[in-house]
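Here is the structure we will look at.
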Amino acid sequence: MTNPERKAWSQDYSGWFHKVIAEVPIYDTRYPVKGTGIWMPFGYRLRKEVLRIIREELERTGHEEVLFPLLIPDYLLSKESEHIRDFEDEVYWVTHGGKTPLEVKLALRPTSETAMYPMFKLWINAYSDLPLRVFQIVNVFRYETKATRPMIRVREVSTFKEAHTAHATREEAEEQERIGVEVYSKIFERLKIPFLRTVRPDWDKFPGAERSIAFDTVMPDGKVLQIGTVHFLGQGFARAFDIRYMNSDGNYEHVWQTCYGISERAIAALISIHGDDHGLVLPSEVAPVQAVVIPIVYKGSEEEVLKRCKEVSEILKTSGVRVAIDDRRDMTPGNKYYSWEMKGTPVRIEIGPRDIDNNTVVLVRRDVLKKTPVNLDCLVEEVKRLFINIDEELTKRGREWMASKVREAETVDQAKSELDNNGGVVELNWCGRTNCGEELERTIDARILGVPFDKNGAENHITGAKCAGCNESAIKRIRVARSY
RNA sequence: GGGGCUGUAGGCUAGCUUGGUCUAGACUGUCAGGCUCGGGCCCUGGUGACCCCGGUUCAAAUCCGGGCAGCCCCA
């Protein structure tokens, strides 16, 4: 069989997603607290591989891992006024220790700025303490609206990678913002997740930030999912938390800061974007099992076949491939194929009596489900070549998917009909005025994601065009979408 | 946040309108045994559930109220 279908995937994405995460299994949604879920062993391993990539990219660029407490006292959480105003409706509070009411209410962190920055104040004294770059991978809690969704809108974000940096000057912090964007781009490229980088409009910035740059992707149902954000914080938090350093003149100055985050939404995107009706399709780098060996045993040849399977498995293991043998006796090969395809295993290796005779194995790649017999002597080489082919195919598919989901429009009517018919993202001209933006969102029935990010920052003005909303002169190109 | 639908074995499904003879399935999973194994084999036997609390009633899976949880649509 070749060319696995994407019927369920495209026509009933939500049903497809629920089924896949339950069947693989990745994530069990049946825990009786709303907006929470359980990472099942296979899902946990997938998450671990994704986190490995995230850690590698951050560590490569000078970020150090730390771990802060879950609890934040109320007076710290409310220190930065914009920040608390946005978060206060979604904070979980710990109010009692046993039966004793607490004198200071404790928040379950919704994010950790207000936990970290009082400590930054203690850690940073002099110019030589900068730049400071730390990150942690923790759970955070947000009392989300009733419309929760596994991994995508949850009340306990179980996998929240947050990086926080502090710098001596605006320029250095802006350089860090750029590095943050590059780090995230690299991470998503390694995950083969296509993305758009968009500077959020002022009304949609991270509370307390000067500028927010978001990574968005398009899910199979055409809705946009934000999978990462990079924030330039300026000096707002530094003032609120009085984080200062002594400069070379002997004067104290507030630091400049950035922060950036990625959550398990990235894993939801990884699962969704590559998948098909047989289940997951995983890039080789993050597949918990990269190659599975399926013995095809007939009566009388069991020992010989199993012996060969073990040899093959050992050879691959030695060359660094995460490999498993499925030697379950009470299951037919076909059944095993389906179950490993559901798990997204990039390469399947079938070994039967015929292969023993011919000194071959049969390789099957998950993305296109194509079978190729190869000689045992080139096993490692061929398996690794398939990994590369699969990864390239996933990157290509991702790009094509994204390209097909980003359209241009002249008018709000065109924009609306594009979104009605095709979903995704529509780009159009805009005057830059907030009230026009709000009207535009209402008319198109969508959200303004913001302005395309380029390396020079947000200020990529345009001239000589009319605003699609009010017909005045347009100054920006904006992206509009329906989102999660 | 507003609305709709729903909750029955690990999963899926029937029963609910009109309370009783209710508990059930030839599906799937799972366990034991047999037969097998190059795309979801087959046979035999076993296993396992009416979301929680309260109310109405002689009698509740079924009706009513509340809670918890889920899905869908809209914001």
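Numbers below:
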read-out	value
Cβ-defined net charge surrounding A:PHE17, 10 Å radius [Lys, Arg +1; Asp, Glu -1]	0
Cα gyration tensor category, rounded, prolate or oblate, for segment A:296-359 with a/c compared to 1.5	oblate
Extension reserve of the A:TYR127-A:ALA465 stretch, reckoned as 0.36 nm per residue once the Cα distance is removed	117.0 nm
Helix-only CD estimate at 222 nm, as mean residue ellipticity for chain A, using -39500 (n - 2.57) per DSSP H run (n ≥ 4)	-11000 deg cm²/dmol
Those lysines that a straight Cα-Cα span of less than 20 Å connects to A:LYS121, excepting residues fewer than 8 apart in one chain	A:LYS79
Amide H within-cut-off set for A:LEU280, under 5 Å, with H built and near neighbours excluded	A:LYS343, A:GLY344
Violating pairs (Cα-Cα greater than 25 angstrom) within the set A:LYS146/A:LYS205; A:LYS416/A:LYS466; A:LYS19/A:LYS416	A:LYS19/A:LYS416
Selection of GluC sites (Glu not before Pro), segment A:417-484, meeting DSSP coil and at most 15 other Cβ within 10 Å	A:GLU459, A:GLU472
Highest-first arrangement of A:255-261, A:218-224, A:100-106, where packing means the average Cβ count within 10 Å	A:255-261, A:218-224, A:100-106
Gain in span if fully extended, A:ARG328 to A:GLU441, counting 0.36 nm per residue against the direct Cα distance	35.1 nm
Segment A:386-424-segment A:212-269 distance, computed between alpha-carbon centres (Å)	27 Å
Highest to lowest packing among A:127-135, A:148-156, A:86-94, scored as the average C-beta count within 10 Å	A:148-156, A:127-135, A:86-94
Cα gyration tensor, segment A:28-117 - rounded (a/c under 1.5), prolate or oblate	oblate
10 Å beta-carbon shell around A:ILE294, net charge (K/R +1, D/E -1)	0
Largest-first ordering by accessible area, 1.4 Å probe, given options A:ARG308, A:ARG6	A:ARG6, A:ARG308
Protein accessible area in segment A:296-380, 1.4 Å probe - carbon and sulfur %	52 percent
Given A:LYS34/A:LYS161; A:LYS192/A:LYS384; A:LYS48/A:LYS99, the pairs whose alpha carbons are separated by over 29 Å	A:LYS48/A:LYS99
Length-normalised contact order of segment A:231-340 in % [C-alpha pairs under 8 Å, at least 6 apart]	19 percent
For A:LYS466, distant residues with modelled amide H under 5 Å away	A:ALA474
Estimated FRET transfer efficiency when R0 is 41 angstrom, pair A:ARG385-A:THR29 (beta carbons, to 0.05)	0.60
Per-pair calculated FRET efficiency, R0 = 22 Å: A:ARG60 and A:THR169 via Cβ, rounded to 0.05	0.40
Calculated FRET efficiency for the pair A:LEU102/A:SER417, C-beta based, R₀ 51 Å, to 0.05	0.40
Per residue, in Å², the accessible surface of chain A once ligands and nucleic acids are set aside, probe 1.4 Å	45 Å²
Highest-first arrangement of A:390-398, A:242-250, where packing means the average Cβ count within 10 Å	A:390-398, A:242-250
Global form of chain A, assessed from the alpha-carbon gyration tensor, a/c cut-off 1.5	prolate
Cα→Cβ-extended label distance, 7 Å offset, between A:ASP12 and A:SER81, nm	5.2 nm
Amide proton proximity set for A:ARG149, modelled H, under 5 Å, gap of 5+	A:VAL154
Projected label distance in nm at A:GLU302 and A:GLU410, using a 7 Å step from Cα toward the beta-carbon	7.3 nm
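The values are calculated or read from the model by the stated rules, or taken from the named source; none is laboratory data. From a predicted model like this one, the values you see are computed outputs, not experimental measurements. A quick note on method: Cβ atoms are made from the backbone with ideal geometry, for glycine too, and the neighbour counts reach across all protein chains shown. Accessible surface is based on the protein model in full, side chains and every heavy atom, while ligands, DNA and RNA are left aside. Shrake-Rupley method; radii C 1.70, N 1.55, O 1.52, S 1.80 Å.
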